[in-house]
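Colleague: Take a look at the following structure, please.
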There are 2 protein chains.
Amino acid sequence: MQLLPKGKKILALSGGVGGAKLALGLSHCLSAHQLTVVTNTADDFEHLGLSISPDLDTVMYTLAGINDQERGWGISGESWTNLAALERLGGDTWFQLGDQDLATHLIRTQLRTSGKSLSEATAYLCRQLGVSARVLPMSDDPVRTMVVTERGEIGFQQYFVKERCEPKVSGFRFAGVDVAAAHPEFLSLLRDESLAGVVICPSNPFVSVEPLLALNGVREALSKCHAPIIAVSPIVGGRAIKGPTAKMMQELSMPTSATAVAKYYGDVLDCFVLDDADASESYAIQAMGIDTLVTPTVMQSLQDRIELADQVIQYATCFARQDLVV
Amino acid sequence: MQLLPKGKKILALSGGVGGAKLALGLSHCLSAHQLTVVTNTADDFEHLGLSISPDLDTVMYTLAGINDQERGWGISGESWTNLAALERLGGDTWFQLGDQDLATHLIRTQLRTSGKSLSEATAYLCRQLGVSARVLPMSDDPVRTMVVTERGEIGFQQYFVKERCEPKVSGFRFAGVDVAAAHPEFLSLLRDESLAGVVICPSNPFVSVEPLLALNGVREALSKCHAPIIAVSPIVGGRAIKGPTAKMMQELSMPTSATAVAKYYGDVLDCFVLDDADASESYAIQAMGIDTLVTPTVMQSLQDRIELADQVIQYATCFARQDLVV
């Protein structure tokens, strides 16, 4: 399949599971050098002295075809012997590291300690896992999502894993984002004439995509980008496919609708892809000056992922940015 | 079994496997507060960013009853999923870390990074594993055995594991030993009136015991100690029960005999325990002014370990140091 002319490229912005699904679809529709996946790293944290990058790992494992699809995270066929031994030793076990997954964190930590950047460590891991698409952390500098809750501000993984997203959310703070530099390849790709589209994957808008957008220069580069910016709705039929997106929207007093997501992204977007189930919202979104594509967006099978990716790529190649036409 | 009067104590000096066997025997003959095992840490190293203390772990796992007796190191029922995943990622796999064992290194490293000493980390791990005897690293400061070989000087684990003890040895250097402090409890126990005996376990004299003896103040404290210093021969019938002791003796142009071990320890010793197989060497050792006990020393079963420990404790309680009698 060769949807996109040879010299053209797609940039996907991704969080974890939902984003990785579409990234996998894109990887099947594009040749390796045509796809760059810039991944959220504001979920990263240190655990047991290890540098853990959950979204990068999910994207990497998914593109390598070794992700656990049933569980939705980690590596398939994973075992938990180390976790049980950690428990026996009274270690922290609230963040579950599988025996295989642990190797990724050991290697990444070793590379980081030896002075390699997160993107260099990621490139190494991708090479070892046979991932040929370019997977980039949004930044080589630390940015950490702090969730503002009724119980005070807590780290993202504590909120997400330890507290099972239970605390009521009133906002987010991306610690370090004001001094972090967006990855240079991320910014240069946005200026690249070969770029055919920027795809904001169906990831959590608040904690997966917003940190990327909040990096210095990213919103400006997106607004100047000649390629269309296309978001795929993470909300279908008023519910999130996975994760706390809908719950967060409620707690932030937003309607849990595709329209509300499109509105949240606002000026950043040229195009919005929403599910057939939400077709009736299309007009409201168009009224915001955002073009829409209505298509099945729920990705259960690999074929679903590929078909959605195919739709998005076609959409990108057909769409011309209003402000750049004239 | 209560061999030793209640207030009396035994101090065992141990390397890995052989030493741990006798330490286990001792732990069966003594109540918890009567046994302190000071363990060699000159084999320690950093691997994959983890603080690894092979001899401490062997002693700890053995006393906890979770050691793998067939393999001779690590934890029984161990699995190797992480190692296979590390290999897939191109990580270092020459030092084999099992999934369970890895938890020990993660916890120890985490404790060390948070500012705990090696002895504090060891005490924590022992508590978690239900080890009630006092297990102490010989020092909280780093000492590293460098093996002087025909190929130059190499780290102990590289020599022992990576090079399988193949390079010909011409000597040893204990990097850091001149500035390392012997563990304060180690030195204070040697001055303690309640001490009934110091047992140098059947460990490698050159790389397991010598680093302990080479610490500042240890030889002096041993010479002033009122309790007898008893070594158990690691050489039986001209061969080492385990490990490269005999090979090293050959390469250092020493006879591979119990006598040569006794001679190597020399003035440090009051007593030497040698196997029935080497009974004929008893006179030569006595001629060096070292008392001898001839008894079965090969520890195959738990009962063997307990019987040898029993013999050694009885020997200690019966023997009075020549220089302190008068």
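The values are calculated or read from the model by the stated rules, or taken from the named source; none is laboratory data. Quick caveat, the model's predicted, so the values are computed rather than measured. Note that we place each Cβ from the backbone using ideal geometry, even for glycine, and neighbour counts take in every protein chain shown. These accessible areas exclude ligands, DNA and RNA; they are computed on the full protein's heavy atoms, side chains included. Shrake-Rupley method; radii C 1.70, N 1.55, O 1.52, S 1.80 Å.
Colleague: Name the residues in segment A:67-78 that are open to solvent by 30 Å² or more (accessible area, probe 1.4 Å) and either part of a loop (DSSP other than H, G, I, E, B) or within 12 Å of chain B (Cβ to nearest Cβ) (or both), would you? So that I can check it myself, show each step before the final result.
Modeller: Of the residues in segment A:67-78, the ones open to solvent by 30 Å² or more (accessible area, probe 1.4 Å) are A:67, A:69-71, A:73, A:76-77.
Across segment A:67-78, the qualifying residues are A:Gln69, A:Glu70, A:Arg71, A:Trp73, A:Ser76, A:Gly77.
Colleague: Condition first: outside any helix (DSSP H, G or I) and among the aromatic types (Phe, Trp, Tyr). Now tell me which residues in segment B:268-286 satisfy that. I'd like the intermediate steps shown before the answer.
Modeller: Our first condition is that a residue be outside any helix (DSSP H, G or I); within segment B:268-286, this holds for B:269-275.
Passing the criteria: only B:Phe272.
Colleague: Follow-up. Which pairs turn up if I take residues in segment B:231-253 that are closer than 27 Å to B:Ile313 by Cα and look for partners that are among the acidic types (Asp, Glu) with beta carbon separation below 8 Å, at least 6 apart in sequence or on another chain?
Modeller: B:Ser233/B:Asp275; B:Ser233/B:Asp278; B:Ile235/B:Asp278; B:Val236/B:Asp275; B:Val236/B:Asp278; B:Gly237/B:Asp275; B:Gly237/B:Asp278
Colleague: Of everything in segment B:84-109, what is over 23 Å from B:Ala121 (Cβ atoms) and more than 7 Å from chain A (Cβ to nearest Cβ)? Give them in sequence order.
Modeller: Hits for segment B:84-109 are B:Ala84, B:Glu87, B:Thr93, B:Trp94.
Colleague: For segment B:248-271, what are the residues that are within 18 Å of the chain's Cα centre (by Cα) and open to solvent by 30 Å² or more (accessible area, probe 1.4 Å)?
Modeller: Answer for segment B:248-271, where residues must be within 18 Å of the chain's Cα centre (by Cα) and open to solvent by 30 Å² or more (accessible area, probe 1.4 Å): just B:Tyr264.
Listed here are the residues, each with its yes/no results for (1) polar (S, T, N, Q); (2) in contact (Cβ under 8 Å) with a residue 24 or more places away in the chain; (3) within 15 Å of B:Phe206 (Cβ to Cβ); (4) away from chain A (no Cβ under 14 Å).
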site	(1), (2), (3), (4)
B:Thr122	yes, yes, no, no
B:Cys126	no, yes, no, no
B:Leu129	no, yes, no, no
B:Ala133	no, yes, no, yes
B:Val143	no, yes, yes, yes
B:Met146	no, yes, yes, yes
B:Glu150	no, no, no, yes
B:Ile154	no, no, yes, yes
B:Tyr159	no, no, yes, yes
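Colleague: Open to solvent by less than 20 Å² (accessible area, probe 1.4 Å), out of contact with any helix residue (DSSP H, G or I) (no Cβ under 7 Å at 6 or more places or on another chain) and either at pLDDT below 95 or outside any helix (DSSP H, G or I) (or both): does that describe B:Ala196? I'd like the intermediate steps shown before the answer.
Modeller: Details: open to solvent by less than 20 Å² (accessible area, probe 1.4 Å): yes; out of contact with any helix residue (DSSP H, G or I) (no Cβ under 7 Å at 6 or more places or on another chain): no; either at pLDDT below 95 or outside any helix (DSSP H, G or I) (or both): yes.
For B:Ala196, the condition - open to solvent by less than 20 Å² (accessible area, probe 1.4 Å), out of contact with any helix residue (DSSP H, G or I) (no Cβ under 7 Å at 6 or more places or on another chain) and either at pLDDT below 95 or outside any helix (DSSP H, G or I) (or both) - is not met.
Colleague: Give the residue, chosen from B:Thr109, B:Thr104, that is in contact with a Phe, Trp or Tyr (Cβ under 9 Å, 6 or more places away or on another chain), of a type in the set (Ser, Thr, Tyr) and farther than 20 Å from B:Leu35 by Cβ. Quick ask: steps written out before the conclusion?
Modeller: Working: B:Thr109 fails: in contact with a Phe, Trp or Tyr (Cβ under 9 Å, 6 or more places away or on another chain).
B:Thr104 is the lone residue from the list that is in contact with a Phe, Trp or Tyr (Cβ under 9 Å, 6 or more places away or on another chain), of a type in the set (Ser, Thr, Tyr) and farther than 20 Å from B:Leu35 by Cβ.
Colleague: Exactly one of these conditions fails for A:Tyr61: (1) open to solvent by less than 40 Å² (accessible area, probe 1.4 Å); (2) more than 19 Å from A:Ala121 (Cα to Cα). Give me its number.
Modeller: So A:Tyr61 meets the others, but not (2).
Colleague: Another question, then. Let me spell it out: the conditions are (1) open to solvent by 10 Å² or more (accessible area, probe 1.4 Å); (2) of a type in the set (A, V, I, L, M, F, W, C); (3) over 17 Å from the mean Cα position of the chain (by Cα), and B:Ala180 meets all of them except one. Which number is the exception?
Modeller: Condition not satisfied by B:Ala180: (1).
Colleague: Same structure, new question: Take B:Glu46 and decide whether it is among the acidic types (Asp, Glu), within 14 Å of chain A (Cβ to nearest Cβ) and open to solvent by 10 Å² or more (accessible area, probe 1.4 Å). Walk me through it before giving the result.
Modeller: Details: among the acidic types (Asp, Glu): yes; within 14 Å of chain A (Cβ to nearest Cβ): yes; open to solvent by 10 Å² or more (accessible area, probe 1.4 Å): yes.
The answer is yes for B:Glu46.
Colleague: Search segment B:52-72 for residues that are on the phi > 0 side of the Ramachandran plot and pair each with any residue that is part of a loop (DSSP other than H, G, I, E, B) and crowded, with 24+ Cβ neighbours inside 10 Å when their beta-carbon atoms are under 9 Å apart and the residues are at least 6 apart or on different chains.
Modeller: Going by the 9 Å Cβ cut-off, the qualifying pairs are B:Gly72/B:Gly16.
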